[in-house]
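Enquirer: The structure's right below; bear with me while I get my questions together.
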């Protein structure tokens, strides 16, 4: 079980370019290192003049590959770069409107055995209530959609200062030519119900066909 969800870190993606160019400044044919179907679909839709090349490994390994010339630029999670102390390489932090984040972006959860009450009691105070609500909505959304690792699915929940919870989400085709959008506020809904409601809204738009058409 998840005994605690720690306070959420930055949900955004970062562009890393050795020459310091922003996303809008990258010339045609620029090779973007990423193996994320979510990132590739959004780039294909908004900046088809750029080329995504498969890039795997942890953040440090990807930076090494970039330095070796295997790509011209990288897209990496801001939170991941913060955790390894490499925010110095960030050229531009992309807004969620420019690059919709993945489900659960920036969240670390503490997992333990369900019957281990000693550990549960010890770590539960580390939990962040707002992050817990956001994670619950996002995880239920993904559960209802039944996406897989090759599904270009993106979305994020936000708990406002007044406690009001919203969830914005998208499903794409891999080429980015089709994008389904949904955005709802919780109102009186609990987080899981909000996640279900947003998933159903996308399913009504045809998300099931998009997801099932992608090999996995």
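Enquirer: Considering only the range 138-145, I want to know if a residue exists there that is surrounded by fewer than 22 Cβ atoms within 10 Å (Cβ to Cβ) and part of a loop (DSSP other than H, G, I, E, B).
Expert: no
Enquirer: Test each condition in (1) crowded, with 17+ Cβ neighbours inside 10 Å; (2) under 20 Å from the mean Cα position of the chain (by Cα) for residue 83 and report the one that comes out false.
Expert: Among (1) crowded, with 17+ Cβ neighbours inside 10 Å; (2) under 20 Å from the mean Cα position of the chain (by Cα), residue 83 violates only (1).
Enquirer: Being surrounded by fewer than 20 Cβ atoms within 10 Å (Cβ to Cβ) and under 30 Å from residue 127 (Cβ atoms): is that true of residue 99 here?
Expert: In short, no.
Enquirer: Looking at 210, 189, which one is surrounded by fewer than 17 Cβ atoms within 10 Å (Cβ to Cβ) and either part of a helix (DSSP H, G or I) or in the same structural domain as residue 134 (by TED's automatic domain parsing) (or both)?
Expert: Working: 210 fails: surrounded by fewer than 17 Cβ atoms within 10 Å (Cβ to Cβ).
Exactly one residue qualifies, and that residue is 189.
Enquirer: Of the residues that sit in the range 20-42 and are out of contact with any strand residue (DSSP E or B) (no Cβ under 6 Å at 6 or more places or on another chain) and closer than 14 Å to residue 94 by Cβ, which one is modelled with the lowest pLDDT?
Expert: Among residues in the range 20-42 that are out of contact with any strand residue (DSSP E or B) (no Cβ under 6 Å at 6 or more places or on another chain) and closer than 14 Å to residue 94 by Cβ, the one modelled with the lowest pLDDT is 36.
Enquirer: What's the number of the only condition in (1) surrounded by fewer than 17 Cβ atoms within 10 Å (Cβ to Cβ); (2) modelled with pLDDT of 95 or more that residue 149 fails to meet?
Expert: Going through the list (1) surrounded by fewer than 17 Cβ atoms within 10 Å (Cβ to Cβ); (2) modelled with pLDDT of 95 or more, residue 149 breaks only (2).
Enquirer: With the requirement that a residue be free of Cβ contacts under 8 Å to residues at least 40 places away in the same chain and assigned to a loop (DSSP other than H, G, I, E, B), what does the range 25-47 give you? Walk me through it before giving the result.
Expert: First pass over the range 25-47, keeping only residues free of Cβ contacts under 8 Å to residues at least 40 places away in the same chain: 25, 27-29, 35, 47.
Residues satisfying the conditions are 27, 28, 29, 35, 47.
Enquirer: For the range 79-121, name all the residues that are in a helix (DSSP H, G or I), under 23 Å from residue 150 (Cα atoms) and touching a residue at least 24 places away in the same chain (Cβ under 8 Å). Steps first, answer last, please.
Expert: Restricting attention to the range 79-121, the residues satisfying the condition of being in a helix (DSSP H, G or I) are 79-83, 87-89, 117-121.
So of that shortlist, the ones also under 23 Å from residue 150 (Cα atoms) come out as 79-80.
The one that is in a helix (DSSP H, G or I), under 23 Å from residue 150 (Cα atoms) and touching a residue at least 24 places away in the same chain (Cβ under 8 Å): 79.
Enquirer: Sort out which residues of the range 49-68 are within 16 Å of residue 29 (Cβ to Cβ) and surrounded by 19 or more Cβ atoms within 10 Å (Cβ to Cβ), and write them in order of number.
Expert: Of all residues in the range 49-68, those within 16 Å of residue 29 (Cβ to Cβ) come to 49-53.
Within the range 49-68, 50, 52 meet the criteria.
Enquirer: Output the residue which, of all residues in the range 152-167 that are free of Cβ contacts under 8 Å to residues at least 40 places away in the same chain and crowded, with 19+ Cβ neighbours inside 10 Å, is nearest to residue 213 (Cα to Cα).
Expert: Residues of the range 152-167 that are free of Cβ contacts under 8 Å to residues at least 40 places away in the same chain, as a first pass: 157-167.
Now narrow it down to the ones that are crowded, with 19+ Cβ neighbours inside 10 Å: 157, 159, 165, 167.
Details: 157: 27, 159: 33, 165: 32, 167: 25 Å.
Filtering the range 152-167 for residues that are free of Cβ contacts under 8 Å to residues at least 40 places away in the same chain and crowded, with 19+ Cβ neighbours inside 10 Å, the one nearest to residue 213 (Cα to Cα) comes out as 167.
Enquirer: From the list 159, 125, which residue is more than 23 Å from residue 46 (Cβ to Cβ) and out of contact with any helix residue (DSSP H, G or I) (no Cβ under 7 Å at 6 or more places or on another chain)?
Expert: On the way: 159 fails: out of contact with any helix residue (DSSP H, G or I) (no Cβ under 7 Å at 6 or more places or on another chain).
On inspection, the qualifying residue turns out to be 125.
The values are calculated or read from the model by the stated rules, or taken from the named source; none is laboratory data. Owing to the predicted nature of the structure, the values given are computational and were not obtained by experimental measurement. Because the Cβ atoms are built from the backbone with ideal geometry, glycine has one as well, and the counts that use them run over all protein chains shown.
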